[in-house]
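Student: Got a structure here, written out as structure tokens. Questions coming.
The values are calculated or read from the model by the stated rules, or taken from the named source; none is laboratory data. Note that the structure is a prediction, hence the values are computed from the model and not measured. Neighbour counts run over all protein chains shown; Cβ positions are idealised from the backbone, glycine included.
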Amino acid sequence: MSSPDPRQQEWRIEFLERNIGLPVKAVVLGILFYYLFMSRWMSDMAPSPRGPAAEEVTRQFALEAVRFLFLVYAGLSIGVAFIFRAMKELPAVVVQWVVFANAMIDGLFVAAMIVITGGLDSSLYWLYLLLIGRNALCITATVPQVMLNLLMPLFYAGAVAVDSWILDRDGEPLPELGQPYLLRLALLLAAATWCYGLQVLLNKHVQRLEELRELALRREQLQVSGRLAAEIAHQLKNPLAVINNAAFTLQRTVKEGKTITQQIQIIREEVDRSDRIITELMGYARLVEGRVEKLDVKDELEHAISQVFPAAVKYEVQVHRDYAPMLPHLLAPRNHVVEAFVNIMTNAREAMNGRGNLWVSTSYGDGYCVMISIGDDGPGIPSENLERIFEPYFTTRDKGTGLGLAIVKHNTEFYGGTVHVESELGKGTRFVLTFPARTLMNVRE
């Protein structure tokens, strides 16, 4: 089972543990404080068969033990309350471990209360069903949730065993465990299994709905971009085609005017150049039709590597791969993502003159995102050029258009991601692309 979005996880903890759990626990602690310190509830327990003296000692010891246990639990609960109040300033991992520890403490405290309220006959048993449900909602990671919910039946069994030991020690008749006891344990185990299974189904359903919603939105946005691209192409390419045809006809007609012919040739070259720039600009602006898909980052990186370093060419470049397992999928048109990878790898290949090392790795980032690192051991980028490499038309190569890295930056930021470059002369260059796994496209008006 995959964990939900960190924002959803934070909302669950904030709503259930802080907004609901803390007030309910405050009321329970207040009631228990009244019964333990201000009433005769403990003094009115059934007398011990050992006589008045033994009865008084037993009562006093039980009262002091229960009061001490209550004070320890109340102190821990107050500490947890302060942590939940400041949860937005704490790392998510710390908050999740506090939730786990708090749930375990609650289970142990309920077990202690079952011991002093009748053991097998205690109605507090039903609180374990509530605790199992609470654990399933707040602790979504598979191993901690299953471990914690399996401890709940174990805590109950331990409480019944301790109660039976106390009764046997006091010479009182032991309760018959039998079928009711086994049915209660089976019910707790069934509740833990049912909550886990239901959460898996709900998570998959919610994830599917989110993916469908994002796919629909991105398809709609791409369709709008596609219609705009068609309009731009129609408005710009048609006049260029007319100019090109007219120049070609004029060149054929005026054969003896050398100067005129040369000027016409210049016109044709500039028209071709303008047409090429417009085509590249359309790629830079991403004003093209595309189909949003669920992409596996590893597969797309391998596809880009095969394009930039085809086996038939025999480049002397060693590609080192380090892919993190079970990365979340990206929702984007395949050509947008692959184009960014291809442009970075192409720059690396040309910087190394087709000889060197290329490191490609993936990892998890903060906030449920995917990080892709592409580095080389080429000559590096001068520090004065690092701030300009993503600018359109900035290039240090004679035949470069200066749009490759601009496309990388645009395609990454279009989906809410970021791109960062690290370089040192003589030691190579490293690009780090960060893509949020679940986000809407960042469309600027």
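Student: Taking the condition of being over 16 Å from A159 (Cα atoms), surrounded by 17 or more Cβ atoms within 10 Å (Cβ to Cβ) and of a type outside the set (A, V, I, L, M, F, W, C), how many residues in region 86-132 meet it?
Tutor: 2
Student: Of I83, I13, which residue is surrounded by 14 or more Cβ atoms within 10 Å (Cβ to Cβ), part of a helix (DSSP H, G or I) and either over 46 Å from the mean Cα position of the chain (by Cα) or at pLDDT below 85 (or both)?
Tutor: I13
Student: Looking at V342, V317, V313, V337, can you tell me which residue is in a strand (DSSP E or B) and either assigned by TED's automatic domain parsing to the domain that holds H410 or under 16 Å from V297 (Cα atoms) (or both)?
Tutor: V317
Student: So which residues in region 44-77 are more than 19 Å from G119 (Cβ to Cβ), loosely packed, with under 11 Cβ neighbours inside 10 Å and modelled with pLDDT under 65?
Tutor: Matches in region 44-77: G51, P52, A53.
Student: Something else now. For region 410-425, state whether one or more residues are buried (at least 16 other Cβ atoms within 10 Å of the Cβ), assigned to a loop (DSSP other than H, G, I, E, B), at pLDDT 80 or above and within 19 Å of the chain's Cα centre (by Cα).
Tutor: Looking through region 410-425, at least one residue is buried (at least 16 other Cβ atoms within 10 Å of the Cβ), assigned to a loop (DSSP other than H, G, I, E, B), at pLDDT 80 or above and within 19 Å of the chain's Cα centre (by Cα).
Student: Report whether or not L120 is outside any loop (DSSP other than H, G, I, E, B) and within 38 Å of the chain's Cα centre (by Cα).
Tutor: Judged against the criteria, L120 is not a match.
Yes/no per residue for (1) of a type in the set (D, E, K, R); (2) within 26 Å of the chain's Cα centre (by Cα); (3) exposed (fewer than 13 other Cβ atoms within 10 Å of the Cβ):
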{"position": "V308", "(1), (2), (3)": "no, no, no"}
{"position": "A311", "(1), (2), (3)": "no, no, yes"}
{"position": "V317", "(1), (2), (3)": "no, no, no"}
{"position": "P325", "(1), (2), (3)": "no, yes, yes"}
{"position": "V338", "(1), (2), (3)": "no, yes, no"}
{"position": "I344", "(1), (2), (3)": "no, yes, no"}
{"position": "A351", "(1), (2), (3)": "no, no, no"}
{"position": "V360", "(1), (2), (3)": "no, yes, no"}
